[in-house]
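The values are calculated or read from the model by the stated rules, or taken from the named source; none is laboratory data. Everything numeric in this text was worked out from a predicted model, so none of it was measured. Don't worry about glycine lacking a Cβ; one is built from the backbone with ideal geometry, like all the others, and counts go over all protein chains shown. Protein only, heavy atoms only, side chains kept; ligands, DNA and RNA dropped before computing areas. Shrake-Rupley method; radii C 1.70, N 1.55, O 1.52, S 1.80 Å.
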Amino acid sequence: GVLISGCHIGDCHYSEGNFYVADTQNERIQKFTKGGKFLAKWPVPGGGFLRGLAVDKHANVYVGSDTNPTIWKFDKNGTLIKSAGIASLAIRAAENYLVVGTGGKIEKYSFDLKSMGTITETAYTTYGVAVSNKTGNFWGCGIADKATCSQYSPSGALMKTFDSAKFNDGLQAQT
């Protein structure tokens, strides 16, 4: 029951030499070495369909749910630090904040799960997000009339939109 989808929608994340994977079927996070050796697992209480997983610069793990509007924050060993009632379909960690795709918006949250405001509104339900620590630009992908990805400036200004079918290697290819 481990869903690894090439990290296209944020179901796995690589940090400090380990992979963290959202196991949606069993409502838990699993941790593996880069060589695939199982290290640990921990439950996500009331997780539902887990969607979106990020790891911040302090190795804290964030996971969201498609069916339960919550983001959970764990330390790298699986201890629950905090949870907050935030609807999320995609999560990525930037240098100093989280980028969260929620419905038709891309929002910014502190690592303490406090809202820092809406970055931009999108014309689609945002199922994937990415952020570049180098440029501050970010991306959102979703579905409106077709699968669409958009690139935004750090201030939220639309830079370009393209058909996500041409974006074969997922959001991380552009960061």
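When you check ALA87 against the structure, is it on the phi < 0 side of the Ramachandran plot and touching a Pro at 6+ places or on another chain (Cβ under 6 Å), yes or no? When the stated conditions are applied, ALA87 passes them.
Condition first: at positive phi and not in a strand (DSSP E or B). Now tell me which residues in region 110-131 satisfy that.
Going residue by residue through region 110-131, those that are at positive phi are 113, 117.
Residue satisfying the conditions is LEU113 alone.
Of everything in region 106-138 that is open to solvent by 30 Å² or more (accessible area, probe 1.4 Å) and of a type in the set (Ser, Thr, Tyr), the residue that is farthest from the chain's Cα centre (by Cα) is THR135.
For ALA94, the conditions (1) surrounded by fewer than 22 Cβ atoms within 10 Å (Cβ to Cβ); (2) under 18 Å from VAL131 (Cα atoms); (3) over 12 Å from the mean Cα position of the chain (by Cα); (4) of a type in the set (A, V, I, L, M, F, W, C) all hold with the exception of (3). Note on region 77-107: residues that are among the charged types (D, E, K, R) and modelled with pLDDT of 90 or more total 1. Please specify each residue of region 109-129 satisfying the condition of being within 17 Å of PRO69 (Cβ to Cβ) and not aromatic (Phe, Trp, Tyr). Selection gives LEU113, LYS114, SER115, THR118, THR125, THR126, VAL129.
Give region 23-62 a look and list any residue that's hydrophobic (A, V, I, L, M, F, W, C) and assigned to a strand (DSSP E or B), or say none.
Once the filter is applied, which keeps residues that are hydrophobic (A, V, I, L, M, F, W, C) and assigned to a strand (DSSP E or B), region 23-62 yields ILE29, PHE32, PHE38, LEU39, ALA40, TRP42, LEU50, LEU53, ALA54, VAL55, VAL61.
Of everything in region 63-83 that is crowded, with 19+ Cβ neighbours inside 10 Å and not in a loop (DSSP other than H, G, I, E, B), the residue that is farthest from the chain's Cα centre (by Cα) is PHE74.
Within region 30-48, being open to solvent by 80 Å² or more (accessible area, probe 1.4 Å) and modelled with pLDDT under 85 holds for one residue alone: LYS34. Looking at this structure, is ALA59 exposed (fewer than 15 other Cβ atoms within 10 Å of the Cβ), modelled with pLDDT of 85 or more, aliphatic (A, V, I, L, M) and within 23 Å of VAL131 (Cβ to Cβ)? Here the answer is yes, as ALA59 does meet what is asked.
From the set of residues in region 1-22 that are assigned to a strand (DSSP E or B) and open to solvent by less than 10 Å² (accessible area, probe 1.4 Å), which is modelled with the lowest pLDDT? Reasoning before the result, please.
Restricting attention to region 1-22, the residues satisfying the condition of being assigned to a strand (DSSP E or B) are 12-15, 18-22.
Pick out the ones that are also open to solvent by less than 10 Å² (accessible area, probe 1.4 Å) and you get 12, 20-22.
Working: CYS12: 53, TYR20: 85, VAL21: 85, ALA22: 84.
Looking at the filtered set, the residue picked out is CYS12.
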